[in-house]
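Some notes on the structure that comes next.
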Amino acid sequence: MTTIEKELSGTTALVTGSTSGIGKATAATLARLGATVVVTGRNPERGAQVVKEIESEGGSARFIAADLNDPKQIAHLAEEAGDVDILVNNAGHSWFGPTADLDASGFDGLFTANVRSAYLLTAALAPAMAARGHGSIVNLDSMAGAVGLAGGAAYSASKASLSALTRAWAAEFSPSGVRVNAVRPGPVYSDGASAELIDNLASTTLLGRGAQPQEIADVIAFLSTPRAQYVTGASIAVDGGRTAV
Ligand SMILES: NC(=O)c1ccc[n+]([C@@H]2O[C@H](COP(=O)([O-])OP(=O)(O)OC[C@H]3O[C@@H](n4cnc5c(N)ncnc54)[C@H](OP(=O)(O)O)[C@@H]3O)[C@@H](O)[C@H]2O)c1
């Protein structure tokens, strides 16, 4: 192994929503770089499978179950994870449809899962990172947070919040050595996304295709390494050029 291949040796990474899709690919990628990974989600069977796959490649991982809609389970996750050097706030879900069709509980559900969960977990972990003088936090925004998509109003607002949190947390924690960045994926063929929706959005990108989870995971992993040591407060588009024009 070269130095770059194992550049995250000795670190612990917590990736929310790592039982599926982008989070799962990110957990595996960070493990390949040498991080010990805390895999988390609500589904223990899929969590165990992700851990098994990481271990089968020689990596190190463990699963902690948590429903991030529940503040008590977030506190428990943070406590069980111990010292975390790399936090990836990836868990979340989307909803697309006419604005008038989303009721108050659906709206609250988007903000609870996509925004409050990241807020509370970061609140639980970032101060200790700052006290240790180093750390990396990556938040999952979306291209939907940057351009107007008909039917995506509430989801887009929840995702744009992640980039707002990124800037504020960079201001709060980066003077203490903790870098905070966001990635803004375009359409990604993941387990939780409808292939038809992704196909439609894919045709609107400059590259004319949707992404695979690994293509997003590689950017998240790069932001988590010392190679990105001068990058903080940034939102990086990984969207086939969709938001460039
Ligand atoms: N796919 C896309 O096109 C796309 C584009 C832009 C941005 N994104 C963003 O990227 C992130 C990952 O998307 P994805 O497509 O990879 O999603 P996915 O395949 O549906 O996976 C979502 C993950 O989040 C976890 N999760 C959801 N709600 C949770 C909760 N309340 N508590 C704990 N875990 C929860 C799920 O775990 P369990 O099922 O085990 O609970 C699962 O591991 C999301 O934030 C999404 O908004 C996706």
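Here, each number is a calculation from the coordinates, and none is a lab measurement. Nothing here was measured: the structure is a model prediction, and the numbers come from that model. A quick note on method: Cβ atoms are made from the backbone with ideal geometry, for glycine too, and the neighbour counts reach across all protein chains shown.
Suppose only helical runs count, i.e. DSSP H with n ≥ 4. What mean residue ellipticity at 222 nm does that imply for the chain under -39500 (n - 2.57) per run, divided by all residues and rounded to the nearest 500 deg cm²/dmol?
After summing the helix terms and dividing by residue count, I get -13000 deg cm²/dmol.
Out of the trypsin sites (Lys or Arg not before Pro) in region 195-245, which ones are loop residues according to DSSP with at most 16 other C-beta atoms within 10 Å? Spell out each step's value before the answer.
Working: sites: ARG209, ARG227, ARG242; in loops: ARG209, ARG242.
Filter output for region 195-245: ARG209.
Take a quick pass over the chain and tell me how many lysine pairs come in under 25 angstrom between Cα atoms, counting only ones 8 or more apart or on separate chains. Numbers along the way, then the final one.
Working: LYS6/LYS24; LYS6/LYS52; LYS24/LYS52; LYS24/LYS72; LYS24/LYS159; LYS72/LYS159.
Lysine pairs, 8 or more places apart or on different chains, close enough: 6.
Can you tell me which of THR99, THR204, THR11 moves the most in a GNM of the chain? Springs connect C-alpha atoms under 10 Å apart.
Among THR99, THR204, THR11, the largest GNM mean-square fluctuation belongs to THR99.
Going 7 Å from the Cα of ARG227 in the Cα-to-Cβ direction, what parts of region 199-213 have a backbone nitrogen less than 19 Å from that spot?
Within reach of a label on ARG227, which here means backbone N under 19 Å from a point 7 Å along Cα→Cβ, region 199-213 contributes 212-213.
With only alpha-carbon atoms counted, please give the Rg and Dmax of region 1-89, in Å.
Answer for region 1-89, Rg first and Dmax second: 12.3, 41 Å.
Determine the shape class of region 44-99: with a ≥ b ≥ c the square roots of the Cα gyration tensor eigenvalues, call it rounded for a/c under 1.5, and otherwise prolate if a/b is greater than b/c, oblate otherwise.
oblate
Between region 169-244 and region 1-47, how many Å separate their Cα centres?
If we compute the Cα centre of each part, the gap is 16 Å.
Tilt of helix 44-56 relative to the longest C-alpha principal axis of the chain, in degrees (0 to 90, nearest 10)?
Around 50 degrees separate the two axes.
5 Å is the cut-off here: which amide hydrogens, built 1.01 Å from N in the peptide plane, fall below it relative to ALA211, excluding neighbours closer than 5 in sequence?
For ALA211, whose amide H was placed from the backbone, the distant partners under 5 Å are VAL188, TYR189.
Classify region 93-153 from the C-alpha gyration tensor, please: rounded if a/c falls under 1.5, else prolate or oblate depending on whether a/b exceeds b/c.
Note, shape of region 93-153 comes out oblate.
Mind running the shape call on the chain? Use the C-alpha gyration tensor, a ≥ b ≥ c as the square roots of the eigenvalues: rounded below 1.5 for a/c, prolate if a/b tops b/c, oblate otherwise.
Rounded, since a/c falls under 1.5.
Of the trypsin sites (Lys or Arg not before Pro) in region 1-59, which ones lie in a loop per DSSP and count no more than 14 other C-beta atoms within 10 Å?
Working: sites: LYS6, LYS24, ARG32, ARG42, ARG46, LYS52; in loops: LYS6, ARG42.
Passing sites in region 1-59 are LYS6.
Where is the GNM fluctuation largest for the chain (alpha-carbon springs, 10 angstrom cutoff): LEU30, LEU140, LEU201?
Ranking LEU30, LEU140, LEU201 by mean-square fluctuation puts LEU201 first.
Pairs of alpha-carbon atoms within less than 8 angstrom and 6+ residues apart define the contacts here; what relative contact order does the chain have, in percent?
Relative CO of the chain lands at 19 percent.
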